[in-house]
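Report on one structure; see the data block that follows.
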Amino acid sequence: MIDTPRTRLRCWAEDDRDSFAALHADPEVMHDYGRPIDRAASDAKFDRYAGAFQQYGFCRWALETRDGDFLGYVGVMPGFKDHPLGPHFEIGWRLRRTIWGQGYATEAAKAALHDAFTRCGLTEILAYTGPDNLRSQGVMTRLDLKRDPSRDVTAVYSGLGTWHYWVWVAHPPVS
């Protein structure tokens, strides 16, 4: 568990599945993905995120307020096998629409990066999004990630079409 001033990042519990699925059913929240995903796809993603903690000791954490209200998720995951960027770790987030613009993504992602670098010993973490996702780009900028256009890629995914990734990079802070 990771506490920030306003949030808690924690491992997933079975009773999080409904909130997780509701997040993925919101067309506005899923705009960057191209469409909402159904319950089966959400459950598969949930299982992958929960399983990552068992395998790596970090994951896309469940994100909640300090009072226990579900906000979404934030955290680090390994890139998919055969990802066009090759083997890597990636930070990402997805939050309920009702709390956008309140700084929760930046606050929680900063804590997740700190944990991944200090406790887990990672030496590089990527972040990527589409050229039109200005909100995520804003979070990446506030996190002091460095834009690396040399790593930008385009990939075609079955059922999702062509994705253009703009890439940012995080390294552990120099002490």
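With +1 on each Lys and Arg Cβ and -1 on each Asp and Glu Cβ, and nothing else charged, work out how big the dipole of the chain is about its Cα centre, in Debye to the nearest 20. So the magnitude is around 280 debye. DSSP assigns beta bridges within segment 55-140; of those with both partners inside it, close to 90 percent run antiparallel. Measuring nothing but how far apart in sequence close Cα pairs (under 8 Å, 6+ apart) lie, relative to its length, the chain scores a relative contact order of 19 percent. For the chain, with a Gaussian network of springs between Cα atoms less than 10 Å apart, report the residue from GLY79, GLY51, GLY121 with the top mean-square fluctuation. Judging by the Gaussian network model, the answer is GLY121.
Normalised by residue count, segment 1-59 yields a Cα convex hull volume of 105 Å³ per residue.
Segment 117-147 and segment 1-53 have Cα centres separated by 19 Å.
The reciprocal of the average 1/r between distinct C-alpha atoms defines the Kirkwood hydrodynamic radius, which for segment 75-152 equals 13.4 Å.
Among the GluC sites (Glu not before Pro) within segment 76-175, those in coil by DSSP and having at most 15 neighbouring Cβ atoms inside 10 Å are GLU124.
Where in the chain lies the longest segment free of chymotrypsin sites (Phe, Trp or Tyr not before Pro) that are both loop residues by DSSP (not H, G, I, E, B) and have at most 14 other Cβ atoms within 10 Å?
Free of exposed loop sites, the longest segment is 1-79.
Plainly put, the chain has a radius of gyration that is 0.93 times its Kirkwood radius, both from alpha-carbon atoms, as the Rg/Rh ratio.
Based on every Cα atom in segment 39-113, Rg and the maximum pairwise Cα distance Dmax equal 13.0, 39 Å.
The numbers here are math on the coordinates, done by the rules we state, and not lab data. All values reported here derive from a predicted model rather than from experimental measurement. Backbone-built Cβ (ideal geometry, glycine too); neighbour counts: all protein chains shown.
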